[in-house]
Structure formats: structure tokens, C-alpha cells
1. Does anyone have the angle between helix 133-145 and the longest principal axis of the chain? Alpha-carbon axes, 0 to 90°, nearest 10?
2. Residue 195 to residue 30: extension gain in nm, 0.36 nm per residue of separation minus the Cα-Cα distance?
3. Using the C-alpha atoms of the chain, what convex hull volume per residue, in cubic angstrom, is computed?
4. Only bridges whose two residues both fall in the chain count here: according to DSSP, what percent of them are antiparallel, nearest 5?
5. Using label points projected 7 Å from each Cα along Cα→Cβ, tell me how many nm separate residue 115 and residue 321, to one decimal.
6. Please arrange 254, 17, 158 by how many other C-beta atoms lie within 10 Å of their C-beta, fewest to most.
7. Could you give the distance between the Cα centres of the range 68-121 and the range 123-157, to the whole Å?
8. With each run of n ≥ 4 DSSP H residues scored as -39500 (n - 2.57), what mean residue ellipticity at 222 nm is computed for the chain after dividing by its residue count and rounding to the nearest 500 deg cm²/dmol?
């Protein structure tokens with residue numbers, strides 16, 4: 001089973017960003033140009049409670065995804081509590097011109113003009129925002145039914161307890177890396193949370209994103225652009241092909257390394273990648289298999305055998321410069337072993 005093929009293109013994507021249309025500092029046009037110049041092929045501008053269609057900025061070699069970021073806070077008037085929990089969800093539209101609002105609440109719509117917002121199609125009108133499990137679950141369900149792929153954003157920054165996250169169904173991917181949060185707190189890497197979800201039978205995919213607002217210039221040590229991304233495997237750079245790849249989980253999260261091939265031959269695994277100091281097959285927090293370079297040597301390939309006791313596996317590539325890449329998890333049932 002070829003999961004990542006060296007013969008299939010990989011498209012570099014930022015699936016979470018903010019422009020001047022909400023609390024970012026750059027125009028959508030400037031953001032598209034900047035990411036294109038950095039070798040990206042895909043950008044989703046996900047302004048806060050502001051669904052806009054930016055498909056007019058797409059070109060044959062650069063694709064804009066439609067979406068927005070929704071948030072639910074304990075404060076009914078959407079006041080930020082820097083010491084309390086909340087939840088942020090990115091809604092990525094399966095169709096490029098889908099800009100409908102899910103459970104529109106004017107108190108949370110702080111950036112899009114209300115007259116424009118209220119002209120959008122509205123679905124899932126489940127009343128004022130409520131920060132509780134039932135409301136959040138209904139919100140996710142309504143978003144999926146409205147034609148969105150739902151991601152769970154920056155869980156460390158959001159400060160939700162893992163027990164809460166374990167109760168949510170329907171988000172298709174967990175934001176493993178978030179550059180903006182790393183700039184703030186230095187530790188928005190959520191591999192431990194991901195493994196906890198897996199151990200409880202939750203198997204979302206994983207991705208990386210910038211969540212950039214560009215309040216610092218490019219090149220500044222605290223710039224929040226170009227730090228984390230998602231590599232998407234698809235036969236072509238088209239909206240349907242990219243959405244289909246996301247739905248299938250044909251992508252991985254990275255802050256640097258490239259995974260060129262991931263192949264399963266029954267319980268035998270072959271992984272080829274850019275230069276790494278270590279390649280890991282994770283079985284649980286207590287068990288893993290590692291291929292490492294010795295005496296400063298680098299590794300670019302690794303082979304593993306999945307033990308019969310392992311309920312799932314996922315893979316990490318750790319580069320010499322301390323950047324890393326992670327795949328989603330694969331169950332024994334999915335692999336047919």
C-alpha cells in the first residue's frame with residue numbers, strides 16, 4: 001500500500017491565516033503573493049467569523065481555499081479571557097464559492113460588516129454561542145452538513161482540557177503545529193494530545209499551519225509566517241483534487257522535513273525522506289522504533305516491522321535543525337494486517 005508516493009506531487013499549504021479582513025495586517029492579495037514567493041501552492045485565508053471567497057486570486061500554480069475561523073467562548077459577548085479555555089475551529093469549504101455562516105451570532109462577528117454578514121446564507125441557527133459540549137458538538141455537526149471540513153485549531157493555546165476534546169466528533173484534522181501560537185508561547189506542538197486521542201479511539205488526521213497575522217515583518221524573529229505547513233499529495237492542483245486529498249488524509253504536517261515515500265508491504269514499512277537525524281515509528285508513548293544516524297551521519301530512509309501487538313502506528317521525521325514532520329495514524333484494520 002503506497003501512502004506517500006515519490007511519483008505523486010506534494011503541494012505545500014497553509015490552511016490557517018488571517019488578513020486585513022479580520023485582525024491580520026496584510027491584504028489577501030499581499031498574502032497570496034508572499035506565500036507563492038515562498039514556494040507554497042495553497043493558501044486558505046480563514047478570517048475570524050468572516051467567510052470570504054478568494055478564488056479570484058487563484059492561478060494555475062497557486063490555489064486559494066475558501067473558509068473561515070469560528071470560535072466559541074464562555075463570554076456571550078465574545079470577550080477574550082487570557083486565562084480560560086475556548087475553542088477555535090477552521091471551516092474549510094468543500095466547494096470554492098461556499099461562504100455560508102454556521103450558527104451566525106452577531107456578537108462574535110467582530111470584523112465582517114453586519115450588513116454583509118447577514119446577507120450570507122445562514123445554516124445551523126442554533127442560537128447565541130454557548131461554551132458547552134452539546135452546543136460545540138451541534139456546531140461541528142452543522143458545519144459538516146453545510147459543506148465544510150472542520151479542523152481543531154491550536155489546542156494548547158485554546159486551553160481546553162483533553163477530556164473535553166475527547167468528547168467532540170466530526171473534526172477531521174488536529175492542528176499539530178501552529179506558528180502563531182509558537183511565537184506566543186513556544187510550545188504549540190500537540191503530539192502528546194494526538195497520541196491521547198488515538199489511545200481513546202479517536203483518529204483525526206494531523207496538519208500544520210501558520211495562523212499568521214503578520215504584525216511583525218517577514219524575517220523578524222517573531223514573524224508568524226512560513227513556520228509550519230501541510231504537505232498535500234494530489235494528482236493535480238485543483239480545488240476538487242485538493243479537497244479530495246484532505247478528506248482522504250493524504251497529507252502530513254511539517255515544520256521542515258519532507259517525506260518522499262511511505263509504503264506498507266503488509267506489516268513491513270518503508271519510509272524515505274529528506275535528511276534526518278532520526279526517523280520514528282510510534283506505537284504508543286511507551287513503545288517506538290527508531291532509525292538514527294551515528295556519529296553525525298544523516299538518515300534518508302528507514303524500514304520498520306509493525307509488531308502484532310500495535311493497534312496503530314504513525315511516523316515522525318526529526319531533522320538536524322530540530323524541525324520535524326509527522327504523519328497521521330494508521331490502524332491495523334486500515335492496513336489490512
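Read-outs throughout are calculated quantities, based only on the coordinates presented, and are distinct from any laboratory measurement. Note that the structure is a prediction, hence the values are computed from the model and not measured. Note that we place each Cβ from the backbone using ideal geometry, even for glycine, and neighbour counts take in every protein chain shown.
1. Result, in degrees: 80.
2. Going from the current span to full extension adds 55.7 nm.
3. With only Cα atoms used, the chain gives 135 Å³ per residue.
4. Looking only at bridges with both residues in the chain, the antiparallel portion is about 75 percent.
5. Here the answer is 4.9 nm between the modelled labels.
6. Ascending Cβ contact count within 10 Å gives the list 158, 254, 17.
7. The range 68-121 and the range 123-157 have Cα centres separated by 10 Å.
8. Counting only the DSSP helices, I get -5000 deg cm²/dmol.
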